[in-house]
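Some notes on the structure that comes next.
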Amino acid sequence: MRLAIAIMAAGKGTRLKSKRPKVLHEIGGRPLLAHVIRAAAEIVAPEDIFAIVGHEAERVKAAVAATGVKFVLQAEQRGTGHAIQCARDSVAGYDTLLVLSGDVPLIRPETIARMLDFHFQEQAAMTILTAVPESPLGYGRVIRRIADSPEVTAIVEQKALTPEQEKAPEINSGIYAFATDSLFAHIDELQATNAHGELYLTDMAGLLVANHSRVVAAKAESAIEVLGANTIAEMMDLDAAMRITSAKKLMAAGVTIFRPETVTIDSDVTVGADTVIEPFVQLLGQTKIGEDCRIRSYSVIENATLADEVLVRQGCVITDSTIDVGAMIGPYAHVRPGSELGIGVHVGNFVETKKAKMGAGSKANHLTYLGDAEIGSGTNIGAGTITCNYDGVDKFKTLIGDGVFVGSDSTLVAPIRIGDRSFIGAGSCITEDVPEDALAIGRGRQVTKPEWAKTKSPLCKKKL
Ligand code: UD1
Ligand code: CA
């Protein structure tokens with residue numbers, strides 16, 4: 001038995017009123033289509049998955065090409081039935097075709113597998129995955145021959161419902177299994193005689209029944225899983241549902257999340273046990289957080305890896321960086337791409353790092369910019385220190401050794417090398433390399449004029 005999966009993703013998404021193709025809108029930090037492909041890839045190999053693309057096809061393909069799925073072009077979007085007609089040649093060699101919708105992203109592989117089992121058990125020509133959501137408004141309704149029996153007589157789209165059918169609570173999820181031979185024996189009989197003048201895949205139910213084929217419905221356990229996203233508001237409902245589900249999964253694995261409804265955690269993020277996440281935190285992209293960390297409120301962490309026991313205080317922005325065990329960051333620190341903060345490093349308030357390595361135990365506690373810098377271990381960077389890494393055209397490196405003490409308000413003009421255990425006097429502008437164990441002072445000597453204020457200050461002149 002050969003099984004293919006077709007994902008309908010060619011539509012424009014007119015109801016979104018957006019320039020971006022619908023299936024590339026994101027929930028849980030990833031495009032709708034990427035979620036559907038991920039579920040499909042749990043069922044069959046990528047080469048047996050066919051994404052049907054059309055509106056902005058190149059953009060959609062580029063966004064998911066890395067998954068290895070195949071693509072079918074539906075150049076003109078003449079409805080869901082037409083989409084499957086376009087896939088006919090690609091899926092001809094398969095016995096069974098599972099159809100997924102690119103805008104029904106919460107579907108779980110377990111549910112698909114259960115539906116497929118039912119499809120085979122019922123020896124059906126078409127099996128429709130259905131659900132009974134709180135509000136069925138806007139969805140096609142599945143009409144069963146007799147209540148509670150699996151047999152279906154038709155799917156009726158919202159606009160074609162009779163007043164009596166409007167009360168029908170069971171919706172069509174837009175997910176189907178077909179015996180390919182029955183499907184393609186009759187798919188050309190679809191007619192565009194409906195409100196949108198399109199070929200509806202849903203009409204296959206009635207068509208197959210008229211041809212004495214078996215059409216059945218399998219009800220999903222939870223309606224949330226099969227909700228579609230036709231408007232931005234609906235999409236944000238799905239986003240919230242997905243995020244609360246992942247937050248609950250993390251909590252089940254020992255993570256404490258205060259006020260989980262306020263945190264934004266993308267679906268690929270991992271967090272270790274006994275880590276505490278405070279309200280209004282965002283953990284995005286491929287972020288990985290270890291055990292026993294604490295992420296305080298209003299921090300936004302994207303594509304970063306944090307080891308165990310890291311403390312991120314309030315209001316930090318951490319992007320594409322790694323932070324080692326026991327480091328303390330913030331409050332209000334900006335850890336920019338390419339930062340590698342070692343074991344026990346302290347990066348304090350209003351400190352910005354970019355492509356900066358800091359060795360174990362080094363500290364930059366206040367008001368500092370460290371860009372294109374390599375700093376050894378046990379080094380103290382005083383308040384207000386700046387690495388001058390940019391001359392307006394090129395970027396240069398600052399190399400600071402182990403056990404260095406950089407006095408406050410120093411500017412280190414790169415390229416420059418500061419040797420191990422050396423001292424930089426506060427307020428220095430350092431333009432030449434500093435050898436190991438040296439003291440470097442780069443500032444004007446202090447001049448003190450005794451009694452000066454009594455006779456020379458502008459205020460005295462005024463009195464005279
Ligand atoms: C569809 C179903 C409806 C069901 C609902 C579930 C039809 C006619 N109706 O309605 O019964 O309750 O899904 O969410 O199928 N697409 C193409 N090519 C096209 C048209 C659409 O690939 O020519 C794709 C869209 O990109 C989308 C999916 O098919 O991913 C569904 O299309 P959409 O227009 O959203 O259908 P609904 O009106 O939601
Ligand atoms: Ca839809």
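The values are calculated or read from the model by the stated rules, or taken from the named source; none is laboratory data. This one's a predicted model, so the numbers in the text were calculated from it and none came from an experiment. Note that each Cβ is placed from the backbone with ideal geometry, even for glycine, and that neighbours are counted across all protein chains shown. Please note that ligands, DNA and RNA were not included when accessible areas were found on the heavy atoms of the full protein model with its side chains. Shrake-Rupley method; radii C 1.70, N 1.55, O 1.52, S 1.80 Å.
Brief remarks on what is shown
Here is a yes/no grid of residues against (1) closer than 21 Å to residue 198 by Cβ; (2) in contact with a helix residue (DSSP H, G or I) (Cβ under 6 Å, 6 or more places away or on another chain); (3) outside any loop (DSSP other than H, G, I, E, B):
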{"site": "120", "(1), (2), (3)": "no, no, yes"}
{"site": "124", "(1), (2), (3)": "no, no, no"}
{"site": "134", "(1), (2), (3)": "no, no, no"}
{"site": "166", "(1), (2), (3)": "no, no, yes"}
{"site": "174", "(1), (2), (3)": "yes, no, yes"}
{"site": "177", "(1), (2), (3)": "no, yes, yes"}
{"site": "183", "(1), (2), (3)": "yes, no, yes"}
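- Residue 399 being part of a strand (DSSP E or B) and either under 24 Å from residue 309 (Cα atoms) or open to solvent by 60 Å² or more (accessible area, probe 1.4 Å) (or both): no
- Filtered residues of the stretch 58-96 (kept if under 22 Å from the mean Cα position of the chain (by Cα), in a helix (DSSP H, G or I) and either within 16 Å of ligand 2 (Cβ to nearest atom) or closer than 30 Å to residue 123 by Cβ (or both)): 60
- Qualifying residue in the stretch 88-106 (condition: surrounded by fewer than 17 Cβ atoms within 10 Å (Cβ to Cβ), within 16 Å of ligand 1 (Cβ to nearest atom) and not polar (S, T, N, Q)): yes
- In the stretch 97-116, residue farthest from ligand 2 (Cβ to nearest atom) [restricted to those that are under 19 Å from residue 183 (Cβ atoms) and assigned to a helix (DSSP H, G or I)]: 116
- Here residue 135 passes the criteria (1) free of Cβ contacts under 8 Å to residues at least 24 places away in the same chain; (2) open to solvent by 40 Å² or more (accessible area, probe 1.4 Å); (3) over 29 Å from the mean Cα position of the chain (by Cα) except the one numbered (3).
- The stretch 144-159, residues that are among the hydrophobic types (A, V, I, L, M, F, W, C), surrounded by 13 or more Cβ atoms within 10 Å (Cβ to Cβ) and free of Cβ contacts under 8 Å to residues at least 60 places away in the same chain: 154, 155, 156
- Residues being of a type in the set (Ser, Thr, Tyr), more than 16 Å from ligand 2 (Cβ to nearest atom), at pLDDT 95 or above and over 24 Å from residue 228 (Cα atoms) are entirely absent from the stretch 153-165.
- Residue that is modelled with the highest pLDDT, among those in the stretch 254-269 that are charged (D, E, K, R) and more than 8 Å from the chain's Cα centre (by Cα): 259
- Of all the listed residues (226, 216), the sole one being away from ligand 1 (no atom under 15 Å from the Cβ), open to solvent by less than 60 Å² (accessible area, probe 1.4 Å) and not hydroxyl-bearing (Ser, Thr, Tyr) is 216.
- Of all residues in the stretch 278-309 being in contact with a Lys or Arg (Cβ under 8 Å, 6 or more places away or on another chain) and β-branched (Val, Ile, Thr), the one that is least open to solvent (accessible area, probe 1.4 Å): 281
- Condition check for residue 67: more than 9 Å from ligand 1 (Cβ to nearest atom) and of a type in the set (Ser, Thr, Tyr): yes
- Among residues of the stretch 237-253, those that are assigned to a loop (DSSP other than H, G, I, E, B) and out of contact with any strand residue (DSSP E or B) (no Cβ under 9 Å at 6 or more places or on another chain), counted: 0
- Hits in the stretch 142-157 (condition: more than 8 Å from ligand 1 (Cβ to nearest atom) and not in a loop (DSSP other than H, G, I, E, B)): 142, 143, 144, 151, 152, 153, 154, 156
- Among the residues of the stretch 5-57, those that are open to solvent by less than 40 Å² (accessible area, probe 1.4 Å), assigned to a strand (DSSP E or B) and closer than 24 Å to residue 79 by Cβ comprise 5, 6, 7, 8, 31, 49, 50, 51, 52, 53, 54.
- Test: residue in the stretch 185-204 that is part of a loop (DSSP other than H, G, I, E, B), away from ligand 1 (no atom under 16 Å from the Cβ) and at positive phi: no
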